[in-house]
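Q: Please read through the structure below; I'll follow up with questions.
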Ligand code: SF4
């Protein structure tokens, strides 16, 4: 069966690292500086990021506000799970997120610092990541967002935009988001302001230019070194097609 061209970023780590620095510089020129300032309180960041999974920013915000209208964190734990699910109904999968959020809050309440997460500042990054990802509904992206945005730890949150663009350009081979966290962190500098700016500017670029389907390659500042553009020109396929093509090609993603 013919599979057609497949992205397969077979390049050494040193080249990946240099490519990511180049991406950061290009996006900096396009979108400017980003200063590493916490955008919201750690508990707000944590719970909002759980709500944000598969959800637009507007719906995430609405869901968070309705959730907080139920009362303080203790009141949300004590509320019927159906009431929590109703409050967060604008977030996708409210029925599965509601019990996870309540259990996460329960575990945080019962931890030594209670709802104050500032102990994460002083933990080694590995331990802080483990503490957060042991909570129900908290994956590598959510944990990394809290640790980078709130505590300036050198971690790199990989959301759908970061994953898609770094894959298309060729900074990582085609792989899942969880694996992409490890692959990118391995070659990125341990520099929180750099990581913060790169994350936010990739997010913006994904929203405005390198969309899931029909990316606007003609106006993209990453085009010169983009594997997807080199292979497909102005007809870069939807990212779903890229993921499916990888699944049909067992050797894709391995060094040639
Ligand atoms: S050239 Fe196209 S596929 Fe490559 S990063 Fe830019 S918009 Fe995305």
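Q: If we count other beta carbons within 10 Å of each Cβ, what is the order of 73, 57, fewest first?
A: With the fewest neighbours first, 73, 57 line up as 57, 73.
Q: Report Rg/Rh for the chain, rounded to two decimals, where Rg is the Cα radius of gyration and Rh the Kirkwood radius.
A: In the chain, Rg relative to Rh is 1.00.
Q: Counting only C-alpha contacts under 8 Å and six or more residues apart, can you give the relative contact order of the chain as a whole percent?
A: 28 percent
Q: How big is the Rg/Rh ratio for the range 123-165, C-alpha atoms only, Rh by Kirkwood, two decimals?
A: Across the range 123-165, the Cα-based Rg/Rh ratio is 0.98.
Q: What are the radius of gyration and Dmax of the range 97-151, computed over its Cα atoms and given in Å?
A: Radius of gyration, then largest Cα-Cα span, for the range 97-151: 10.7, 30 Å.
Q: With no solvent and one point on each alpha carbon, what is the Debye value of log10 I(q)/I(0) for the range 42-150 at q = 0.14, 0.21 Å⁻¹?
A: Log-scaled intensity ratios, in q order: -0.50, -1.12.
Q: Next up: As a footprinting exposure proxy, order 181, 35, 44 by other Cβ within 10 Å, with the fewest listed first.
A: Lowest to highest Cβ neighbour count: 35, 44, 181.
Q: Turning to a different aspect of this structure: For a quick protection proxy, order the peptides 161-173, 144-156 by their average other-Cβ count within 10 Å, most packed first.
A: By packing density, highest mean first, the sequence is 161-173, 144-156.
Q: Okay, next question. How do 211, 48, 96, 91 line up, fewest other C-beta atoms within 10 Å first?
A: Result, fewest neighbours first: 96, 211, 48, 91.
Q: Let me ask something else. Given the DSSP H assignment, sum -39500 (n - 2.57) over each helix run of at least 4 residues in the chain and divide by its residue total; what's the result at 222 nm in deg cm²/dmol, nearest 500?
A: After summing the helix terms and dividing by the residues of the chain, the value is -16500 deg cm²/dmol.
Q: Here's something else I'd like to know. Note down the relative contact order for the range 42-150 as a percent, whole number, built from C-alpha pairs under 8 angstrom at least six residues apart.
A: For the range 42-150, the relative contact order is 29 percent.
Each value in this text was obtained by applying a stated rule to the coordinates, not by laboratory testing. None of the values given here were measured: they were computed from a predicted structure. Ideal geometry is used to build each Cβ from the backbone, glycine not excepted, and the neighbour counts take in all protein chains shown.
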